[in-house]
Amino acid sequence: LTGILGLIMVLMVFNTIRVTIYSQREEIGIMKLVGASDAFVRGPFIVTSFLYGFIASTIVLVIMLPILSVLNPFFSQFFAGYDINVLGYVHNHLWQIIGTEIGIASGLSVASSFFAIGRYLRV
């Protein structure tokens, strides 16, 4: 399930960046004709996709923490007989969860935009 959702995220960001690149294809062509390097052309799209991933993971964290607070009693009741505290685990490992989520989301976004712009760098 995680792999499928990750693939969906990559495809969504890939298509979003491709639409942005397509709308700016003339500017990219002009930049390449006047001697801009590939990194200079690729940079704004990479930064934009990193920000997409960062903002998306921040929104998910802001939404999921209150939902976990509400659902924690139901988790405890569902796992009756086991000492499971989902909210306590999240609070104890919050920085690891934030770092992993932002890192994976931003990494997938940057990778998909890197491949999306590759085709438009050839003039």
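If you take the Cα Rg of the stretch 1-117 and divide it by 2.2 N^0.38 Å, with N the number of residues, what do you get? Walk me through the intermediate numbers first.
On the way: Rg = 19.5 Å, N = 117, 2.2 N^0.38 = 13.4 Å.
Normalised Cα radius of gyration, the stretch 1-117: 1.45.
Over the chain, what is the mean sequence separation of C-alpha contacts under 8 Å (at least six apart), divided by residue count, expressed as relative contact order in percent? Don't jump to the answer; show the numbers that get you there.
Values: 86 pairs, mean separation 61.5, N = 123.
Reported relative contact order: 50 percent.
With only alpha-carbon atoms in the gyration tensor, what are the semi-axes of the equivalent ellipsoid for the stretch 28-84, in Å, largest first? Don't jump to the answer; show the numbers that get you there.
Numbers: eigenvalues 481, 20, 7 Å².
Listed largest to smallest, the semi-axes of the stretch 28-84 are 49, 10, 6 Å.
Hey, what's the per residue convex hull volume over the C-alpha atoms of the stretch 13-57, in cubic angstrom? If you can, show how the numbers build up before the last one.
Values: hull volume 2.6 nm³, N = 45.
Residue-normalised Cα hull volume stands at 58 Å³.
Per DSSP H run of n ≥ 4, the term is -39500 (n - 2.57); total these for the chain, divide by its residue number, and report the mean residue ellipticity at 222 nm rounded to 500 deg cm²/dmol. Present the calculation step by step, with values, prior to reporting the outcome.
Values: 5 runs with 104 residues, N = 123.
Using -39500 (n - 2.57) per qualifying helix, the result is -29500 deg cm²/dmol.
Compute the normalised compactness of the stretch 54-97: alpha-carbon radius of gyration over 2.2 N^0.38 Å, N being the residue count. Each step should come with its number before you reach the end.
On the way: Rg = 11.8 Å, N = 44, 2.2 N^0.38 = 9.3 Å.
Dividing the Cα Rg of the stretch 54-97 by 2.2 N^0.38 Å gives 1.28.
Under a 1.4 Å probe, what is the accessible area of the chain per residue, stated in Å²? Let's see the in-between values first.
Details: 8470 Å² over 123 residues.
That works out to 69 Å² per residue.
The values are calculated or read from the model by the stated rules, or taken from the named source; none is laboratory data. For clarity, every value in this text was computed on a predicted model and none was experimentally measured. Note: areas computed on protein heavy atoms with side chains; ligands, DNA, RNA excluded. Shrake-Rupley method; radii C 1.70, N 1.55, O 1.52, S 1.80 Å.
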